[in-house]
1. Between rounded, prolate and oblate, where does region 113-177 land on the alpha carbon gyration tensor, with a ≥ b ≥ c its root eigenvalues, rounded for a/c under 1.5, else prolate if a/b exceeds b/c?
2. With all distinct Cα pairs included, what does the Kirkwood hydrodynamic radius of region 121-235 come out to in Å, to one decimal, could you say?
3. In terms of the Cα gyration tensor, with a ≥ b ≥ c the square roots of its eigenvalues, is region 169-210 rounded because a/c is under 1.5, prolate because a/b exceeds b/c, or oblate?
4. Please find the FRET efficiency linking His109 to Val148, where r is the Cβ-Cβ separation and R0 is fixed at 22 Å, and quote it to the nearest 0.05.
5. Quick one: Karplus J couplings for region 42-58, per residue in order, coefficients 6.51, -1.76, 1.60, θ = phi - 60°, nearest Hz, x for Gly and Pro?
6. Relative to the present Cα-Cα distance, how much length would full extension add between Glu197 and Ala184 at 0.36 nm per residue of separation?
7. Pick out, from Leu43, Leu27, Ala15, the residue whose Cα sits farthest towards the positive end of the charge dipole of region 7-54, with +1 on the Cβ of Lys and Arg and -1 on the Cβ of Asp and Glu.
8. Using a Gaussian network model of the chain with C-alpha springs under 10 Å, which one of His93, His203, His174 is most mobile by mean-square fluctuation?
Amino acid sequence: MILAELEVFHSRRIAPTRRVAVGESRLPTDPAPGFGGLLLGSLVASRIEELDPELYGDLHRLTAELEDGKRIPQPRLRYRFQADTHGLAKSRHRLLGQGEAIEFDFDEHDAAEPQILAAVYAAGRLSAPARRGVMEAIRKGMRWRGPVGPQLISHLSGVVGARTWSPEAFADPHGWALGVLGLANADRRSIQRRFRELLREAHPDHGAETDGAAQRILDLTEARRILLHSARAAV
């Protein structure tokens, strides 16, 4: 299942001019930064170490200018952004849901600069409220130094536990949390009571299997946090 998608059109390496355009995109942003923000932030993180360090300052300025809705002078990062895609090569980047896991499908056959630029320009086309959260995910991606995987997802989104790698949990955190605690509704007393019951069952000191216990406890704790936050907001 495709969770988010971005098409990038760009000059071929042998072309005398450097141009980039954004094609079709599917970038959900709710809840922030959404699957779209995860895709764009992760794309930037996966290629940022290939970028000339002298271009970092311009890239930061570009994210701020687009976030504020400003008119962007060209070129940026040595590439000219345009709407016309004629004669340009195409790359496609996708975030996929495979069962209970999130997977990345990045097209890495060309230079890093147009891919990073397209991610930033695609974020700039979003509505103002969504744009803010997605640009922050992109800036977090610019600071990332490490593999593309669950730790990067957590870094971009602030999410921990099973939600780090679960499409269902990202799409509906409240529903996921109810499922983890086995609740149909979520008043504070029932949340706390059910959390204590399941925590006792999950702990090795009370006879639970050691394998997977730490992850189960993290999931229970995250589910309680989500539901308590929702309960407070409803008061």
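Any read-out appearing in this document is the output of simple, stated calculations on the displayed coordinates, not a laboratory observation. The shown structure was predicted, so the numbers you read here are calculated from the model rather than taken from an experiment. Here the Cβ positions follow ideal geometry from the backbone for every residue, glycine too, while neighbour counts run over all protein chains shown.
1. Judged from the Cα gyration tensor, region 113-177 comes out oblate (a/c at least 1.5, b/c at or above a/b).
2. Values: mean 1/r = 0.0626 Å⁻¹.
It is 16.0 Å.
3. Numbers: a/c = 3.71, a/b = 1.57, b/c = 2.35.
Oblate shape, in that a/c is at least 1.5 and b/c is the bigger or equal ratio.
4. Details: r = 17 Å, r/R0 = 0.75.
With R0 = 22 Å, the Cβ-Cβ based efficiency is 0.85.
5. Result, rounded to whole Hz: 6, 4, 4, 4, 6, 10, 5, 6, 7, 7, 4, x, 5, 8, 4, x, 5.
6. On the way: separation 13, 0.36 × 13 = 4.68 nm, distance 1.59 nm.
Gain on stretching Glu197 to Ala184: 3.1 nm.
7. Sorting the options by dipole projection puts first Ala15.
8. His203
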